[in-house]
Structure formats: C-alpha cells, structure tokens
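Chemist: Have a look at this one before I ask anything.
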Amino acid sequence: MPVPKPESQESPWQERMMSEVSIQLNPDSPKPKKVKKKKPPQTREEVAKANRRAMIGSIIIGSIAVHAVALVLFGLWTVAKHFSRPEARFEMKKVVKIPPKTPEHKMNVAKHEAMAPKPTFNDKLVSTRPIDFALPEMPEVNLDQMLPLDPSELISDQVNGLVGSAALGSGLGQGLSGGGGTGEGMSFFGVKANGDRILLLFDVSASVVNKAEAAGIPLERIQEETMKMIGTLPISSRFSLIQFTGNYMPFTEELIAATPKNKELAQEWVEDKWVTSGSMSSTTTGVVQNLTGVVGILERAIQMRPDVIFLISDASFQWRPNGGGGFSNIPYDEIEDVVERMEDELRQEVPIHFIAFEPKDDDASEWSKIVRKTGGEFRELKEK
C-alpha cells in the first residue's frame, strides 16, 4: 500500500512567503486578491459632526464668493467714476463794493430825517384790575422838544418851564391852615411833612366828631382841609385815604398817582362817602370788618407801603381782638409793636404825624413818644 505523505507542517507566514516567492519566479501567475476591511458604521454623533463641518465649509466658501464679487464690482465702479469725472471749470464772481459815504452825505441824511414828521403816540394805559375808577389818559408830550435839530435847542423857555421853579416851587401849591407851601413839602392842619407816598387815616367815630366840634373844627372843616391837601399834591406823588371807627373804609386798595382825575375822584369820595353817623357797619359797601382798632388800621397801612402817614383822632382807641366780650383800650405795647413792624417791613422810617382833638393827658403822652420815634409830630388842635 502506498504510504501517505505526511501533511505539511508549515505555518501561515511561511505559506505567504512561499507564495510571494512563487509569484516572483512566475510573474504570469495570478496575484492573490486583497481582502478589503469593512469600515465600522458611523455613530449619530459622528454623522452630526460631519454635517456641521460641511455646513460651515459651505458658509465660508459662500462668504468668500460674495466678498469677491463685491470687490470686483467696487473696482469696476471706481474705474468708471474716474473716467466719467467732469472737467474743472473756473468762474470769477463780480464783487460789488459800495464807496464810503462822505460827511456831506451824512449831513444831508440827518437833515432829511429831521424834516420828517415826528411820531405820535396814541396808546393809553389800560387797567385789567377791577377798580372803582379809571386810570388817567397819557399826558400829551411835545416831541419837538424831545428831538431837537441842534443841541442848543435843548435850552429853551419851555424846558426851563418843565424843570425850573414853576415845576418845583409851585408843585405843592399853597399850605393849608397854618402853613404856607414853599415847594419843600406839604402841610396839613399846620403839620408840615415831606414824602411822595402819602396816606391819610381819619378816625370818624362819634367821640372824635364831638371833640372836633368842641375844638371849633367841625366836620365840614376837616373835609375842606382834606380836599385842599389832596389838590396840592404833585403829580409825581401817590396817595390814598382810610376812614375808620372800629371797621374801616379805604378809598383805594393801594396808593394811586396824584393825577387830576384821581384827585377829583378822591375829593368826590370825601364829599359823598364821608361817615358822619359815628359808626360804620361791616355790611356797608366798601367797609372792611376790623376788631383790632388802630392796630388793624396800621397793619393795613403797611400793605400800602407809604413813606408818610397823617393820623387824625382823639388818641383813644379800643379793640376786641378775640371777637367776644366788650371793647377795651388797646395796650400801647401792641401799638408800638405794629409801628416797629412797619419800619422793619418797609425798611425805612415812616413818620406818623398825629393830629389830635382834645386827647387825654395819658394818651397824649404815650402817642407823643410813639410818633417821636418815627420822626413824626404830635399836635393837639384847639379852638383859637
């Protein structure tokens, strides 16, 4: 029996080497096929990363393409603009020069303006505040004197009449009842005073009326002197009046200019509105209720801001500050306090001139001290 050949005990490496040697010896023999290794399947994360990289790459490529196109267009526009630039043009504008004016021309212009008609003013003052009287009309002013052709015309008779003795010396007129006016001040029942803001305070209570008549100065005389005093005030001053018993009635709420119209209205008020009964009801038109007597009157005077005050009374004042009970005499400390407050608020000394009818000795002594501190005068009127 044939003996079987023993199986080859060569290893796979040896077999591969032998095959490569046989191939080299026999190049025509077919080459063994290479076995391709299969790639393992991609996970979801790897697929997502791959898609993201592809998208980013496409965005970058698109941006580069857009910028390249824009750059090409800008270059084309720049080149086209260079070739389409308009040609330079040179222009010369005509300069208009006005020759300087000669002195003769200026003099002719001034002469022409001087010959032109002067402006006229027809505006009037109009008050929007409700009051019982109208404001005065504007005074007529001769503008020929305000616009002279030559400075020498400023010195004229009319200007002298405006600023000379006619305006200053006789502006206050004649004095009243015991004092002649010299243009340096005013006089009322022989009491002389200086000031531009005058306030007259009249005590028209029954006791004052009786004492005035006993002194030989009846009510009609007081009214007459008051109207004369008002008539002599210069137009540059301001004035008003207040008559009182306990309550009071002012002629105006504020001091008004001493114009002819206002003087006429004040004189009519003294004639028509003067209280002769000795009492003043708060229900009467124009009457203001007052329970503090002369203290309330002086407080009202502070609001009107006078620089001189005439007070006509018998120097005996009562009040009822709490509104209950009967009237009592006003302590002089209260009167001194309101007088000091007047000087503090008005920031100046306001002389109070007191004209008294038959005052008591104590009242006359106290009021003399008060008015003397203000720079005023206390005078008692008696029958001559």
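The values are calculated or read from the model by the stated rules, or taken from the named source; none is laboratory data. Given the structure is predicted, the values throughout are model-derived calculations rather than measurements. Here the Cβ positions follow ideal geometry from the backbone for every residue, glycine too, while neighbour counts run over all protein chains shown.
Chemist: What tally of residues in the range 302-328 results from selecting those that are closer than 19 Å to Val209 by Cα and surrounded by fewer than 18 Cβ atoms within 10 Å (Cβ to Cβ)?
Modeler: 1
Chemist: Hey, another quick one. So how many residues does the range 266-284 have that are over 13 Å from Thr226 (Cα atoms), assigned to a helix (DSSP H, G or I) and in contact (Cβ under 8 Å) with a residue 24 or more places away in the chain? So that I can check it myself, show each step before the final result.
Modeler: Quick first cut of the range 266-284, residues over 13 Å from Thr226 (Cα atoms) only: 272-273, 275-284.
Okay, now just the ones that are also assigned to a helix (DSSP H, G or I), so 272-273.
Now drop any that are not in contact (Cβ under 8 Å) with a residue 24 or more places away in the chain, which leaves 273.
Within the range 266-284, residues that are over 13 Å from Thr226 (Cα atoms), assigned to a helix (DSSP H, G or I) and in contact (Cβ under 8 Å) with a residue 24 or more places away in the chain number 1.
Chemist: I'd like the full set of residues that are among the hydrophobic types (A, V, I, L, M, F, W, C), out of contact with any Ser or Thr (no Cβ under 9 Å at 6 or more places or on another chain) and within 14 Å of Ile312 (Cβ to Cβ), limited to the range 200-216. Walk me through it before giving the result.
Modeler: In the first step, residues of the range 200-216 are kept if they are among the hydrophobic types (A, V, I, L, M, F, W, C); the result is 200-202, 204, 206, 208-209, 212, 214-215.
Next, from what is left, pick out any that are out of contact with any Ser or Thr (no Cβ under 9 Å at 6 or more places or on another chain): 212, 214-215.
Once the filter is applied, which keeps residues that are among the hydrophobic types (A, V, I, L, M, F, W, C), out of contact with any Ser or Thr (no Cβ under 9 Å at 6 or more places or on another chain) and within 14 Å of Ile312 (Cβ to Cβ), the range 200-216 yields Ala212, Ala215.
Chemist: Can you tell me which residues in the range 217-241 are under 13 Å from Ile312 (Cα atoms) and either acidic (Asp, Glu) or within 29 Å of the chain's Cα centre (by Cα) (or both)?
Modeler: Glu225, the sole residue that qualifies.
Chemist: Go through the range 291-316 and give me each residue that's out of contact with any helix residue (DSSP H, G or I) (no Cβ under 7 Å at 6 or more places or on another chain), of a type in the set (D, E, K, R) and without any contact (Cβ under 8 Å) to a residue 60 or more places away in the chain.
Modeler: Residue satisfying the conditions is Arg300 alone.
Chemist: Looking only at the range 238-256, count every residue that is crowded, with 20+ Cβ neighbours inside 10 Å and of a type in the set (Asp, Glu) and tell me the total.
Modeler: Within the range 238-256, residues that are crowded, with 20+ Cβ neighbours inside 10 Å and of a type in the set (Asp, Glu) number 0.
Chemist: Collect the residues in the range 305-320 that are of a type in the set (Gly, Ala, Ser) and part of a loop (DSSP other than H, G, I, E, B), keeping them in residue-number order. First the steps, then the outcome.
Modeler: Step one: list which residues in the range 305-320 are of a type in the set (Gly, Ala, Ser), which gives 313, 315-316.
Those that are of a type in the set (Gly, Ala, Ser) and part of a loop (DSSP other than H, G, I, E, B): Ala315, Ser316.
Chemist: How about the range 285-304: which of its residues are of a type in the set (A, V, I, L, M), closer than 23 Å to Met227 by Cα and not in a helix (DSSP H, G or I)?
Modeler: Passing the criteria: only Val287.
Chemist: Within the range 324-339, is even one residue of a type in the set (A, V, I, L, M, F, W, C), touching a helix residue (DSSP H, G or I) at 6+ places or on another chain (Cβ under 8 Å) and under 26 Å from Glu225 (Cα atoms)?
Modeler: No, the range 324-339 contains no residue that is of a type in the set (A, V, I, L, M, F, W, C), touching a helix residue (DSSP H, G or I) at 6+ places or on another chain (Cβ under 8 Å) and under 26 Å from Glu225 (Cα atoms).
Chemist: Got a sec? Which of Thr276, Thr259 is surrounded by fewer than 17 Cβ atoms within 10 Å (Cβ to Cβ) and over 15 Å from Ile222 (Cα atoms)? Steps first, please.
Modeler: Details: Thr276 fails: over 15 Å from Ile222 (Cα atoms).
Answer to the selection: Thr259.
Chemist: Any residue at all in the range 221-237 that's closer than 15 Å to Ile355 by Cβ, surrounded by fewer than 20 Cβ atoms within 10 Å (Cβ to Cβ) and not charged (D, E, K, R)?
Modeler: Within the range 221-237 (the criterion being closer than 15 Å to Ile355 by Cβ, surrounded by fewer than 20 Cβ atoms within 10 Å (Cβ to Cβ) and not charged (D, E, K, R)), the answer is yes, since at least one residue qualifies.
Chemist: How many of the residues making up the range 265-279 are more than 24 Å from Gln303 (Cα to Cα) and not hydroxyl-bearing (Ser, Thr, Tyr)? Please lay out each step first, then the result.
Modeler: To start, the set of residues in the range 265-279 that are more than 24 Å from Gln303 (Cα to Cα) comprises 268, 271-272, 276-279.
In the following step, the residues that additionally are not hydroxyl-bearing (Ser, Thr, Tyr) were identified as 268, 271-272, 278.
The total comes to 4.
Chemist: Say we look at the range 334-359 and pick out the residues that are touching a residue at least 60 places away in the same chain (Cβ under 8 Å) and in contact with a Gly (Cβ under 6 Å, 6 or more places away or on another chain); which of these is farthest from Gln303 (Cα to Cα)?
Modeler: Pass one, the range 334-359, residues touching a residue at least 60 places away in the same chain (Cβ under 8 Å): 351, 353, 355, 357-358.
From the residues that got through so far, the ones that are in contact with a Gly (Cβ under 6 Å, 6 or more places away or on another chain) too are 351, 353.
Numbers: Pro351: 16, His353: 19 Å.
Checking each candidate, the answer is His353.
Chemist: Now, a different point. When the range 314-335 is examined, which residues are found to be more than 41 Å from the chain's Cα centre (by Cα) and on the phi > 0 side of the Ramachandran plot?
Modeler: Scanning the range 314-335 gives Ala315, Gly325.
Chemist: While we're looking at this one, here's another question. Quick one: which residue in Phe251, Phe244 is hydrophobic (A, V, I, L, M, F, W, C) and under 33 Å from the mean Cα position of the chain (by Cα)? Full working, then the answer.
Modeler: Numbers: Phe244 fails: under 33 Å from the mean Cα position of the chain (by Cα).
On inspection, the qualifying residue turns out to be Phe251.
Chemist: List the number of the failed condition for Thr226; all other conditions in (1) within 23 Å of Arg372 (Cα to Cα); (2) part of a helix (DSSP H, G or I); (3) modelled with pLDDT of 90 or more hold.
Modeler: Of everything listed in (1) within 23 Å of Arg372 (Cα to Cα); (2) part of a helix (DSSP H, G or I); (3) modelled with pLDDT of 90 or more, Thr226 misses just condition (1).
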